[in-house]
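The structure appears below as structure tokens.
The values are calculated or read from the model by the stated rules, or taken from the named source; none is laboratory data. Quick caveat: nothing in here was measured; it's all calculated off a predicted structure. A quick note on method: Cβ atoms are made from the backbone with ideal geometry, for glycine too, and the neighbour counts reach across all protein chains shown. The protein model used for the area step is the full one, side chains on, heavy atoms only, and it has no ligands, DNA or RNA in it. Shrake-Rupley method; radii C 1.70, N 1.55, O 1.52, S 1.80 Å.
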Amino acid sequence: MARRKLVAGNWKMHGVAADLAEVNAISVAAETAGADVALCVPATLIERAVRAAPGFAIGGQDVHQADKGAHTGCISASMLLDAGARLTIVGHSERREAQGESDEDVKAKAESALGAGLSVIVCVGESDAVREAGQAVATVSGQLDASLPHDPRAAAGIPARLAVAYEPIWAIGTGKVPSTDDIGEMHAALRARLRAAYGGAGDDIRILYGGSVKASNAAEIFGVADVDGALVGGASLKAADFLPILEAASA
Ligand code: PGA
């Protein structure tokens, strides 16, 4: 079945007021794009980005599983919504590695965000060593099974509001990209896991590819079966780099 592509930018720890012009330029292009577009900016920029680009999907990059409480430095789903965010990334490998987030944490975060009404991008991906050991598909499939939300409150809205991003760790920010065969093999495996978890609704959930996506490789990656968009880091910071990726997704 045809799934409309989603191209989400992940600004990571980049972005201050001076960069709001980029948000605005990207939002203007998004209005006529043939794909859904979103930008996940630092929490400090969410509210101003929403004001700079009314109607455009601005997101956070992480969320705490609790709604409120003694969690210094953390942000809840209701706070993201309050700031104007519509979505959030959870389980990015930079958080799994640097903040020691487990699949259980990621699942709880996804359930909290979906329950609050946000859309969610759940990230999974293997290390270099795991791929070299021939364990990439098994490892990432297991990661997805353990990270997927099962909250019944969220079930009704899941297909529309949940996306998965396959991001091989060794491809993030390195300029290295898996072969289209390897991407296709992984996305097919993840599609099977989504069907196992959600039945027919698993066919409606978008599976994004992430890791060194840029203008020069986007069209080829989007041509792979079961690639329903991209999570883009470095190439999402400037409209000039990001817009050609939106065009490739719209084709
Ligand atoms: P990259 O990052 O596009 O800079 O490789 C992707 C990501 O980490 O989401």
Look through Val232, Val140, Val164, Val224 and report the one residue that is farther than 18 Å from Asn10 by Cα, within 16 Å of the ligand (Cβ to nearest atom) and touching a residue at least 24 places away in the same chain (Cβ under 8 Å).
Val140
Only one of these is away from the ligand (no atom under 14 Å from the Cβ), within 17 Å of Cys123 (Cβ to Cβ) and without any contact (Cβ under 8 Å) to a residue 60 or more places away in the chain: Ala201, Ala196, Ala189. Name it.
Ala189
With the structure loaded, tell me whether Val213 is under 22 Å from Ala235 (Cα atoms), assigned to a loop (DSSP other than H, G, I, E, B) and touching a residue at least 40 places away in the same chain (Cβ under 8 Å) or whether it fails that test.
no
Tell me whether segment 145-153 contains one or more residues that are assigned to a strand (DSSP E or B), modelled with pLDDT of 95 or more, open to solvent by less than 10 Å² (accessible area, probe 1.4 Å) and within 16 Å of the ligand (Cβ to nearest atom).
no
Just one of (1) open to solvent by less than 20 Å² (accessible area, probe 1.4 Å); (2) part of a helix (DSSP H, G or I) trips up Glu247, so point out which.
(1)
Looking at (1) free of Cβ contacts under 8 Å to residues at least 60 places away in the same chain; (2) open to solvent by less than 30 Å² (accessible area, probe 1.4 Å); (3) more than 16 Å from the ligand (Cβ to nearest atom), which is the one condition that is false for Ala30?
(1)
